[in-house]
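Asks: Handing you a structure now.
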Amino acid sequence: MAELTVREYGLIGILEDEADVLERFEEFSGTQYICDVIPEIADGAIPIYNKIWEKVADIRKYVENAISEGLVDTSNNVDLIKIFQCGYYVYYTQSLYDNLENLVYNKIVSEINEHLAKNDIELTEEKAEEIDEEIESRCSDVDNNDYIERCEEIAKEIIEEYLQ
């Protein structure tokens, strides 16, 4: 029997925890805007204390982007920790936005798989492919200005349409 599988993310590939950070998207639900969730996830992933120094050289481009985008004040009392934290923030934010369609897809798949497990439903290969195609076509309907619950609504609609 077939099952729905999540997509792999297109990782920037510099920071080891990048995939874990992307997977945090699935923890959110309800009436939170996707465009609010992404910075929250990125902000929560920023290393603290001495760990911040470990990969700074590797994310130099993102640190420089943070400075050029004006995300950190470099005019008075330069604080390297804040500058580097902004670099990590830019890195994770870019990765999240670069993977937005896959994040939405995986959120929908996760909701459907939860329903399948809860109701002990096994999919045929054909039905899994049909549902996969439907999810893929519906992902383009979701953007960063939608609520997370839009993903949940799509999952419910697909469940009603294909699994009832």
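The numbers here are math on the coordinates, done by the rules we state, and not lab data. Every value quoted in this text rests on a predicted model; they were computed, and no experiment measured them. A quick note on method: Cβ atoms are made from the backbone with ideal geometry, for glycine too, and the neighbour counts reach across all protein chains shown.
Asks: Grab the chain and count how many Lys pairs have their alpha-carbon atoms under 29 Å apart, sequence gap of 8 or more, or different chains.
Replies: 10
Asks: Related question: Any idea which of 45, 96, 56 is furthest toward the positive side of the dipole for the stretch 38-164, if Lys and Arg beta-carbons carry +1 and Asp and Glu beta-carbons -1?
Replies: The residue sitting farthest along the positive end of the dipole is 56.
Asks: Answer with one residue from 71, 124, 135: the one whose Cα lies farthest towards the positive end of the charge dipole of the chain, charges on Cβ with Lys, Arg +1 and Asp, Glu -1.
Replies: With unit charges placed on the Cβ atoms, the residue in question is 71.
Asks: Hey, with R₀ at 25 Å, roughly what FRET efficiency would residue 80 and residue 145 work out to, going by the Cβ-Cβ distance, to 0.05?
Replies: On the way: r = 35 Å, r/R0 = 1.38.
FRET efficiency, residue 80 to residue 145: 0.10.
Asks: To the nearest 20 debye, what is the magnitude of the charge dipole of the stretch 100-162 about its Cα centre, counting +1 on the Cβ of each Lys and Arg and -1 on the Cβ of each Asp and Glu?
Replies: Values: 6 positive and 22 negative charges, 59 e Å.
Charge dipole of the stretch 100-162: 280 debye, to the nearest 20.
Asks: Using helices alone, what [θ] at 222 nm do you get for the chain, with -39,500 (n - 2.57) per DSSP H run of 4 or more residues, divided over all residues and rounded to the nearest 500? Kindly include the intermediate steps, with their values, before the conclusion.
Replies: On the way: 7 runs with 94 residues, N = 164.
Rounded to the nearest 500, it is -18500 deg cm²/dmol.
Asks: Let me ask something else. Given +1 on the Cβ of Lys and Arg, -1 on the Cβ of Asp and Glu, and no further charges, what dipole in debye does the stretch 51-164 carry about its Cα centre, rounded to the nearest 20?
Replies: The calculation lands at about 1140 debye.
Asks: Based on the inverse mean of 1/r over its pairs of different Cα atoms, what is the Kirkwood hydrodynamic radius of the chain, in Å? Don't skip to the end; give the middle numbers.
Replies: Details: mean 1/r = 0.0576 Å⁻¹.
Mean inverse Cα-Cα distance, inverted, gives 17.3 Å.
Asks: Can you give the FRET efficiency for residue 67 and residue 3, using 1/(1 + (r/R0)^6), R0 = 41 Å, r = Cβ-Cβ distance, to the nearest 0.05? Numbers along the way, then the final one.
Replies: On the way: r = 45 Å, r/R0 = 1.11.
Taking R0 as 41 Å, the efficiency between residue 67 and residue 3 is 0.35.
Asks: For the stretch 100-162, what is Rg from Cα atoms divided by 2.2 N^0.38 Å, rounded to two decimals? It would help to have the intermediate numbers written out before the result.
Replies: Working: Rg = 11.3 Å, N = 63, 2.2 N^0.38 = 10.6 Å.
Output field value: 1.06.
Asks: Can you list residues from other chains, or at least 5 along the same chain, whose modelled amide H is less than 5 Å from the amide H of residue 123?
Replies: 2
Asks: What residue among 95, 75, 137 shows peak mean-square fluctuation when the chain is described by a Gaussian network model with Cα springs under 10 Å?
Replies: Among 95, 75, 137, the largest GNM mean-square fluctuation belongs to 75.
Asks: Hey, another quick one. Roughly how many debye, to the nearest 20, is the charge dipole of the stretch 30-96 about its Cα centre, given +1 on each Lys and Arg Cβ, -1 on each Asp and Glu Cβ, and no other charges? Intermediate results must be reported in sequence, preceding the final value.
Replies: Values: 5 positive and 9 negative charges, 43 e Å.
Value, rounded to 20: 200 debye.
Asks: With a 10 Å cut-off between alpha carbons and a GNM built on the chain, which of 19, 45, 117 moves the most?
Replies: 117
Asks: Residue 43 versus residue 20, label points 7 Å from Cα toward the beta carbon: distance in nm?
Replies: 2.1
Asks: Add +1 for every Lys or Arg and -1 for every Asp or Glu among the other residues with Cβ under 11 Å from the Cβ of residue 40, and state the total.
Replies: On the way: positive: 24; negative: 27, 36, 43.
The answer is -2.
Asks: Compute a Gaussian network model of the chain, connecting alpha carbons closer than 10 Å, and tell me which residue from 49, 33, 88 fluctuates the most.
Replies: 49
Asks: Moving on. What number, in percent, do you get for the relative contact order of the chain if the mean sequence gap of Cα pairs under 8 Å and at least 6 apart is divided by its residue count? Don't jump to the answer; show the numbers that get you there.
Replies: Working: 180 pairs, mean separation 61.1, N = 164.
Computed over the chain, the figure is 37 percent.
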